[in-house]
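Have a look at the structure below before the remarks.
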Amino acid sequence: MFPLCCKRLQFQLVPNWRNVAYSSIHLSFVLQNTSLFSKSFSSVEVVAHDREKQHSFTVSYFINSCGLSPEIATSLSKKVAFETPEKPDSVLGILRKNGFTNAHISKLVKKKPKLLLGRVEETLLPKLEFFHSVGISSADLAIVLSSNPTILCQSLEKQIIPNYNFLKSLVSNNEKIVNIYKWVYCLHDVQKKVVPNISALKGIGVTQSGISTLVTSNPGVLCESSEKFDKSVKKVIDMGFNPSTSAFIDALVAVTTMTDNSWEQKLKVYRSCGWSENDFRLAFRSHPRCMTLSVENINTKMDFYVNKMGWQPSAIARAPMALAYSLEKRIIPRCRVLWVLLLNNLIKKKFGLSYVLSSSEKRFTDNFLSKYQEQVPQLFDIYQGKVDLSELGIGF
């Protein structure tokens with residue numbers, strides 16, 4: 001029996017051949033692939049190092065060559081990166097040759113850093129040459145492209161040239177086109193948005209002059225979606241504006257460029273200053289731009305007219321142009337003169353404040369300064385703010 005037990009014990013001590021085979025294969029795999037893993041990690045480290053090197057170079061370039069702050073440079077380096085200066089140098093070189101100052105370059109790169117990797121001869125130069133060929137100066141072009149560098153991302157043949165020709169058909173000169181390019185960022189949507197909106201305006205009777213005014217002064221209005229634009233047009237018509245008048249264009253600008261919340265806030269301010277609903281309708285119909293003023297601007301001017309000059313709120317509603325003038329440059333200087341003349345009984349209290357404010361500079365000088373200079377020798381100095389009324393014992 002003993003030999004048999006030994007054989008069994010001996011058999012149990014010998015590992016299963018499958019386990020031995022598996023262990024051998026596993027060990028072999030580990031040994032064979034250790035070098036592979038090592039090489040992979042090494043490659044990752046190299047790539048990471050290269051990216052860090054590229055990132056560092058890009059940040060330095062943005063700071064030293066484009067005049068950007070370290071914070072902005074770091075942020076932009078996440079959007080575009082390069083490790084040699086050849087491409088960006090060639091782009092900046094051609095821009096500087098075309099009138100771009102360091103300030104223009106900083107502004108452009110901040111908005112569109114990927115332009116630094118553009119192809120100069122194939123894409124950038126032909127676009128600059130086109131704008132020069134139609135008479136846009138280097139100085140104007142630098143202002144336009146640094147304000148709206150998206151233009152340089154557009155196709156010359158499919159977008160830039162057709163858009164320019166379209167704008168040229170609406171306005172009379174390049175000065176106005178430059179202004180449009182400077183402020184409007186939807187020029188790529190000319191065919192999609194602007195053309196249909198202009199067609200809609202022509203369809204309801206808006207004149208070519210009115211459309212040109214809108215394109216020149218507030219081109220962004222025409223870049224609205226057709227749905228929003230049609231809604232604004234309907235609102236203005238429902239308010240009683242005639243599409244053939246300039247007031248219609250002003251009202252359309254006011255309605256389109258304002259959110260419903262902003263509109264309600266300004267209405268609330270006018271109501272708090274004493275306007276009724278009829279006062280508002282009267283004022284807006286006469287001078288729609290009274291709603292394009294800021295809440296602070298409305299509050300300040302209404303407070304001055306009502307509480308300082310004693311003008312009734314309803315009287316302001318009948319002469320809303322008074323709200324359009326500059327408080328510091330026109331309203332206060334002329335009201336100082338009017339106040340002194342009233343206190344000296346040289347004019348009657350019922351004299352129309354709106355007439356005083358709306359008069360041309362020559363008419364105001366003739367009727368309110370030169371006319372009373374003998375009676376009030378300091379009147380011109382009072383008008384120019386050289387004399388403080390408190391020094392004369394006059395409260396204002």
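The values are calculated or read from the model by the stated rules, or taken from the named source; none is laboratory data. Quick caveat: nothing in here was measured; it's all calculated off a predicted structure. Glycine gets a Cβ as well: all are built from the backbone with ideal geometry, and neighbour counts include every protein chain shown. Accessible surface is based on the protein model in full, side chains and every heavy atom, while ligands, DNA and RNA are left aside. Shrake-Rupley method; radii C 1.70, N 1.55, O 1.52, S 1.80 Å.
For this structure, a couple of remarks:
- Scope the stretch 137-152; condition open to solvent by less than 40 Å² (accessible area, probe 1.4 Å) and either within 14 Å of VAL178 (Cα to Cα) or acidic (Asp, Glu) (or both); matching residues: LEU141, ALA142, VAL144, LEU145, SER146, SER147, ASN148, PRO149, ILE151
- Residue in the stretch 348-367 that is without any contact (Cβ under 8 Å) to a residue 24 or more places away in the chain and buried (at least 19 other Cβ atoms within 10 Å of the Cβ) present: yes
- Positions within the stretch 53-109 being among the basic types (Lys, Arg) and either outside any helix (DSSP H, G or I) or within 29 Å of HIS132 (Cβ to Cβ) (or both), in sequence order: LYS78, LYS79, LYS87, ARG96, LYS97, LYS107
- Members of the stretch 115-136 that are surrounded by fewer than 19 Cβ atoms within 10 Å (Cβ to Cβ) and in contact with a Phe, Trp or Tyr (Cβ under 9 Å, 6 or more places away or on another chain): LEU117, PHE130, VAL134
- Against the criterion of being open to solvent by less than 30 Å² (accessible area, probe 1.4 Å) and not in a loop (DSSP other than H, G, I, E, B), LYS234 does not qualify.
Per-residue answers, yes or no, for (1) touching a residue at least 60 places away in the same chain (Cβ under 8 Å); (2) under 32 Å from the mean Cα position of the chain (by Cα):
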{"site": "SER262", "(1), (2)": "no, yes"}
{"site": "GLN265", "(1), (2)": "no, yes"}
{"site": "LYS301", "(1), (2)": "no, yes"}
{"site": "MET309", "(1), (2)": "no, no"}
{"site": "ALA324", "(1), (2)": "no, yes"}
{"site": "PRO333", "(1), (2)": "no, no"}
{"site": "ARG336", "(1), (2)": "yes, no"}
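- Condition check for SER217: more than 17 Å from the chain's Cα centre (by Cα), open to solvent by 40 Å² or more (accessible area, probe 1.4 Å) and farther than 30 Å from GLU121 by Cβ: no
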